[in-house]
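Notes to accompany the following structure.
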Amino acid sequence: MKTPIITIDQELCTGCGRCREICPVGAISGMPDTPHEVDSTRCILCGQCVQICSGYDSANETFATSRVERLKQRGMLPTVKEPLFAAHYRGDINAVVAALQQPDTFTIVQCAPAVRVAIGEEFGMPYGTLTPGKLSAALHALGFNRVYDTNFAADLTIMEEGAELINRIKNKGRLPMFTSCCPGWVKYVEDQHDDLLDHLSSCKSPQQMAGTLFKTYGAKLDGIDPAHVFSVAVMPCTCKKFECERPEMNSSGYQDVDLVITTRELAQLIKHCGIDFTSLPDEAFDNPLGCYTGAGNIFGATGGVMEAALRSACEMLTGTPLPSLELEYVRGEEGIRRATICHEGVELKVTIVAGLQYVGSVLEQVRRGEADFHFLEVMCCPMGCVSGGGQPKILLPAQRLEAHAGRKAGLYSHDKSLTVRKSHENPQIKKLYENFLGEPLGHEAHHLLHTDHQQNRRAV
Ligand code: SF4
Ligand code: SF4
């Protein structure tokens with residue numbers, strides 16, 4: 001049996017209660033000053049407890065478990081120097097190292113948008129420094145055969161999710177439609193609000209769409225037997241480790257994503273291999289599955305999925321582009337935001353929730369049939385994925401906020417700097433539909449890129 005994804009080390013926990021307070025689903029319990037525990041049946045694996053925990057293996061104390069043993073138990077590299085905190089997640093880096101050493105294995109890696117604005121912090125760069133070129137260069141230097149990008153699949157998600165929203169609006173389908181790219185949110189609906197499952201978009205997350213494509217379209221382009229492909233995702237998220245292991249995530253005929261590592265785990269591997277990240281010359285992501293637009297890139301911030309969807313859906317619905325691509329009214333901070341978009345006679349109402357603890361009243365509104373909006377974006381983490389459980393850890397609250405703001409600013413400035421900023425204008429996405437998928441929501445797209453939440457729930 002695999003180690004649980006989120007655990008509290010009983011020997012290191014001081015019982016300060018910070019994790020209990022921050023947990024959005026009340027999954028952590030314990031009396032003051034005594035070790036706390038995670039209830040795995042409630043936990044949605046967002047990893048916010050890991051980010052806030054301050055009980056660690058201080059060198060001044062004696063512990064029954066040695067540091068060497070603790071690193072091993074946690075699946076971490078023996079060279080890791082940072083303190084080991086009580087609340088932690090399962091490390092998976094050793095399996096990546098093993099795969100990279102297998103001569104018969106074709107290794108493909110993808111990186112989520114929020115990784116490129118945070119990994120520099122692990123190497124002393126200022127908060128939010130944008131490093132897509134160094135990230136790609138580091139992954140090539142580590143020996144991955146293909147360095148692709150989750151942003152490509154974020155563009156693809158918009159094609160499918162946008163088409164699904166339009167279809168639901170035109171054909172009086174279940175509304176409001178909920179986003180489905182945050183696996184913690186999906187798990188929460190499955191676990192605690194399963195009467196609302198049919199509101200969730202049937203789209204898989206960008207991570208899973210990318211994984212499916214790597215072992216089908218990607219393997220075909222490279223002339224590789226998909227059985228020899230090992231697919232790794234670098235994510236800001238601890239819950240993505242759970243998502244890739246879901247039994248239904250195998251539309252390619254194999255487990256679509258073999259392994260997820262976090263931003264921090266990748267930084268530890270780069271250090272372990274002696275790569276000087278800050279001096280790496282920029283390299284591009286590989287084509288075609290590394291080609292992305294500004295819309296795909298903003299998925300990493302709260303409101304980003306909504307903004308990307310609106311940029312395309314409004315144009316698809318009316319045939320006319322929005323007058324501006326800076327949709328400031330859906331951007332913002334932790335909490336609930338609402339907006340109405342009026343464009344060429346079409347009115348779209350949207351709601352955005354950043355931080356799962358805020359979603360309760362919105363779901364009650366939906367349940368009572370009083371939700372007067374079409375589309376709901378929910379991200380479990382306070383500012384979306386830039387503040388995910390697998391991102392660089394910052395203990396001081398003021399600095400943490402500064403880091404989140406810097407990472408978010410990095411994503412939007414990257415979006416602004418790109419020439420193509422709408423998902424449906426991504427040239428490689430167009431080619432993918434022409435040469436492989438057919439059309440959005442078509443037979444092949446449905447088989448590879450969508451899932452059935454009701455059926456998944458029944459299978460548990
Ligand atoms: S935050 Fe860390 S030290 Fe504090 S109760 Fe939670 S696990 Fe224990
Ligand atoms: S908001 Fe992002 S990082 Fe946080 S649980 Fe959801 S997908 Fe993961």
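The table that follows gives values for the structure above.
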{"item": "Selection count, the stretch 1-35, where residues are modelled with pLDDT of 95 or more, hydrophobic (A, V, I, L, M, F, W, C), assigned to a loop (DSSP other than H, G, I, E, B) and away from ligand 2 (no atom under 16 Å from the Cβ)", "result": "4"}
{"item": "The one condition in (1) assigned to a helix (DSSP H, G or I); (2) within 16 Å of ligand 2 (Cβ to nearest atom) that Thr216 fails to fulfil", "result": "(2)"}
{"item": "Test: Leu317 is more than 30 Å from Gly410 (Cβ to Cβ) and hydrophobic (A, V, I, L, M, F, W, C)", "result": "yes"}
{"item": "Pairs where the first residue, in the stretch 3-20, is closer than 15 Å to Gly75 by Cα and of a type outside the set (Phe, Trp, Tyr) and the second is part of a strand (DSSP E or B) and within 16 Å of ligand 2 (Cβ to nearest atom), C-beta under 6 Å, 6+ apart", "result": "Ile5/Tyr89; Ile6/Val38; Ile6/Tyr89; Ile8/Val38; Ile8/Ala87"}
{"item": "Count of the stretch 72-104 residues which are in a loop (DSSP other than H, G, I, E, B), in contact with a Ser or Thr (Cβ under 6 Å, 6 or more places away or on another chain) and more than 16 Å from ligand 1 (Cβ to nearest atom)", "result": "0"}
{"item": "Residue list for the stretch 356-408, filter: within 22 Å of Lys187 (Cα to Cα), surrounded by fewer than 24 Cβ atoms within 10 Å (Cβ to Cβ) and acidic (Asp, Glu)", "result": "Glu364"}
{"item": "Test for Leu221: is it over 30 Å from Gly173 (Cα atoms), buried (at least 24 other Cβ atoms within 10 Å of the Cβ) and more than 16 Å from ligand 1 (Cβ to nearest atom)", "result": "no"}
{"item": "Failed criterion for Ser136 (all others in (1) more than 25 Å from Arg400 (Cβ to Cβ); (2) surrounded by fewer than 24 Cβ atoms within 10 Å (Cβ to Cβ); (3) among the polar types (S, T, N, Q) hold)", "result": "(2)"}
{"item": "Residue that is farthest from ligand 2 (Cβ to nearest atom), among those in the stretch 36-71 that are in contact with a helix residue (DSSP H, G or I) (Cβ under 9 Å, 6 or more places away or on another chain) and assigned to a helix (DSSP H, G or I)", "result": "Ile52"}
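The values are calculated or read from the model by the stated rules, or taken from the named source; none is laboratory data. Remember, it's a predicted structure, so these values are computed and weren't measured experimentally. Reconstructed Cβ throughout: ideal geometry from the backbone, glycine too, with neighbour counts over all protein chains shown.
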